[in-house]
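In what follows, a single structure is set out as structure tokens and then discussed.
Just so it is clear, none of the values below were taken in a lab; they were calculated from the coordinates. Keep in mind it's a predicted model, so treat the numbers as computed, not measured. Every residue, glycine among them, receives a Cβ derived from its backbone with ideal geometry; neighbour counts consider all protein chains shown.
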Amino acid sequence: MKSEYDVIVVGGGPAGSLAARTAAQQGLEVLLIEKRQEIGDPVRCAEGVGKVGLAEYMDPDPNWICADIKKARIFSPDGTMIDISEKMAGNEVGYVLERKIFDRAVAKTAARAGAEVQVKTQATGLILEDGVVTGIRGKQRGNDFEARAKVVVGADGVESKVGRWAGINTTLKLKDVETCAQFLMTDIDIVPDSCDFYLGSKYAPGGYVWVFPKGKREANVGMGMLGSHYKGKHPIQYIRDFADWKFPEGKILETVVGAVPVSGMLPRLSTGGLVLVGDAGHVSDPITGGGIINGMASGRIAGHVIAECIKGGDVSAKALSKYDRLAREELGKSLDKNYKIKEVVTRVSDNTMNVVAHSLQGVEFENFTIPKLVKEIVTRNPGVIKELAGLI
Ligand SMILES: Cc1cc2nc3c(=O)[nH]c(=O)nc-3n(C[C@H](O)[C@H](O)[C@H](O)COP(=O)(O)OP(=O)(O)OC[C@H]3O[C@@H](n4cnc5c(N)ncnc54)[C@H](O)[C@@H]3O)c2cc1C
């Protein structure tokens, strides 16, 4: 490891790897550090992604695709199913990944573009001069080190410290964080090409349970609930109850706990010499909690802006704020819209969910979209307009 780089990226998740890859492709000297000894492990994710979004950043590879998903099924609290078939979802639904391999593959693209990768290397602080970030302090295999950079990228996930060290407020309100627990289960009866979602306060208050297939009889079975809905029962207890009910014969191969920001993008993603990408910048989707593709999108935008600023000799807060603007242009509108939807749907009662699910039986959506769904719901259930007012 050298003592000076153009760019140091802290965190080897999908967002950090994309920032490192993009900056390296622009000819910059890039260091990507990851505190764990293996990139991608342990996984804290249900591993679902949309095909179209993914294709923007990685060519699909059977080595890290576990399941090709053709449809989604949503179950209301009383068990009524809404089937969003392949035809309705526009033929190209998504994949369930093997992130242990996927994250490593993305990091490999950064390495092949010229970035230096160091694992078991943790950032422990930032070097600041006159309020501008000029490097990191870190620990590698027990040894302290310092490394300088023209720009530092905070890609250190939901528990990000890098932003806070630079004076950016990254605090999440309880209502804006989804706390999750998940089992990787085997020997269970599932529909191998369907991602299933279970709604209702007994399964996941202010959230949902997911069953994402990873093979013919294997799936990520998990739940996320809003921190504000916590009343003494932990996510792990909720998912254990669900698994006992739904898959009593199933075996648990892995347990995961984690969190996802569902706040929408941070008001500020950059300052002098520093940008935040991925979960560190809260770019994950407020409704689904999905953050892989948005994280990669933010990483790529950041990589381009950083290259432009470094080549122009200006990494001030003003120059790097171009990243905020472009990230907001590309991701902000849908994050803002989905945040508003989240604020409404997480308050909807079990009874209303059942009424809505009953009324949608037999409805076929041509190219399913959330606005089309909302329109259909309100047309068929004028009585729920008050409860869903924020969506209209
Ligand atoms: C249970 C659960 C299920 C989810 N399911 C989905 C899903 O199905 N689809 C989806 O799109 N998203 C899902 N998400 C969200 C998704 O996992 C994240 O949005 C995504 O991983 C964010 O990518 P990232 O690169 O920003 O951060 P991460 O993937 O979290 O990577 C951050 C990296 O930074 C490293 N790091 C942290 N601090 C330091 C430090 N000081 N020094 C060096 N390295 C450091 C960490 O070890 C980590 O490897 C889920 C999340 C959870 C918790």
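A few remarks follow.
- Relative contact order [Cα under 8 Å, 6+ residues apart], the chain, whole percent: 20
- Under 15 Å from the residue 171 label point (7 Å along Cα→beta-carbon), backbone N, the range 245-269: 267
- Between 0 and 90°, nearest 10: helix 292-311 axis offset from the chain longest Cα axis: 20
- 3J(HN,Hα) along the range 111-116: 4, 5, 7, x, 6, 7 Hz, from the Karplus curve 6.51 cos²θ - 1.76 cosθ + 1.60 with θ = phi - 60°, whole Hz, x for Gly and Pro.
- In this simple spin-label model, placing a label point 7 Å from the Cα along the Cα-to-Cβ direction at both residue 336 and residue 372 gives a separation of 2.5 nm.
- Among the chymotrypsin sites (Phe, Trp or Tyr not before Pro) found in the range 206-244, those both in a DSSP coil and sparsely packed, with 16 or fewer other Cβ atoms within 10 Å of their Cβ, are 230.
- Selection from 62, 190, 125 lying farthest towards where the dipole of the chain points positive, charges on Cβ: 125
- In the chain, the DSSP-assigned H stretches of four residues or longer account for a calculated mean residue ellipticity at 222 nm of -9000 deg cm²/dmol, using -39500 (n - 2.57) per stretch and the full residue count as denominator.
- Isotropic mean projected area of the C-alpha convex hull, the range 1-102 (nm²): 8.9
- For the range 224-306, the Cα-based Rg and Dmax, in that order, read 17.2, 55 Å.
- Separation of the residue 141 and residue 59 label points, Cα + 7 Å toward Cβ, nm: 3.5
- Cα-based helix-to-principal-axis angle, 370-380 vs the chain, degrees rounded to 10: 20
- Among the trypsin sites (Lys or Arg not before Pro) in the range 1-91, those located in a DSSP loop and surrounded by at most 10 other Cβ atoms within 10 Å of their own Cβ are 2.
- For the chain, size of Cβ-based charge dipole, Lys and Arg +1, Asp and Glu -1, in debye: 660
- Equivalent ellipsoid semi-axes - Cα gyration tensor, the chain, angstrom: 38, 22, 19
- GluC sites (Glu not before Pro) within the range 16-106: DSSP coil, no more than 14 neighbouring Cβ in 10 Å: 38, 56, 92
- Under 23 Å from the Cα of residue 71 - lysines, other chains or at least 8 residues apart: 51, 87, 214, 216, 246, 342, 372, 375
- Shown for 99, 141, 347, 268: other C-beta atoms within 10 Å of each C-beta, ranked fewest to most, produce the order 141, 347, 268, 99.
- Calculation over all alpha carbon pairs of the range 249-370 in 10 angstrom steps from 0 returns a P(r) of 12, 31, 25, 20, 9, 3, 0 percent.
- Cα convex hull of the range 106-258 - mean projected area over all directions, nm²: 12.5
- Computed from the alpha carbon positions, the gyration tensor of the range 272-325 leads to an equivalent ellipsoid with semi-axes of 24, 10, 7 Å, biggest first.
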